Amino acid sequence: MKKLLSLFLAIPMLAVLASCDDDNANDIPDVSVSIEYSGATMEDGVLTIEQGQTLTIDALKVTPAEGTKEAALGNVVYYLDGFPIFATGIAPHGCEISTANLSEGEHILSVHAQILQVGRPMGYGLFRYTMNVVAPSGDDNNTTTPGSGSDTPTLSISDSDPAEN
């Protein structure tokens, strides 16, 4: 009788272990992120902006890969030349970056974001742009209109926060 009772107690434990599907437990989110911006032009992945203008990141949008589940961005931190300049956890995750105090030349704009996707552990995404600050055009009539657009940058996703490295 004790053997039968032990067998009945062991079966539910085996069923619980057998029903766990950990095949995707170590996967990172499978998404792409697009950026919508204004106040600059982009060519070959380089944002060009006149000194004194403001680069506006209007929105960051996350798109799950085909065949995967919903995804969203958590906290997003913007870095300029390695220094954090803005953080937000509120969609659409936009910000404004003034170039009034930036020297002419190349700067690095980095974006670090928490990526949340249904059925996968949280991931951390990172993408970068070269931001080329150029001399003002000198047009006093302000007839030049800063550009705008969208881009899907190369996104690096890992399971560890790059800010902790």
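Just so it is clear, none of the values below were taken in a lab; they were calculated from the coordinates. The shown structure was predicted, so the numbers you read here are calculated from the model rather than taken from an experiment. Cβ sites come from the backbone with ideal geometry, for glycine too, and all protein chains shown count toward neighbours.
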Would you please state which residues of segment 52-70 a label at Glu36 would reach in this model, taking the label point 7 Å out along Cα→Cβ and a backbone N cut-off of under 14 Å?
56-63
Summing +1 for each Lys or Arg and -1 for each Asp or Glu, what net charge is found among the other residues whose Cβ lies under 9 Å from the Cβ of Ile28?
-2
Take every Cα-Cα pair in segment 73-154 and report what % of them are more than 18 Å apart.
54
Using a 10 Å cut-off on Cβ atoms, rank the peptides 34-40, 51-57 from the highest mean neighbour count down.
34-40, 51-57
Would you grab the residues whose amide H sits under 5 Å from the one on Phe86? Only those 5+ places off in sequence or on another chain, please, with H modelled 1.01 Å from N.
Tyr78
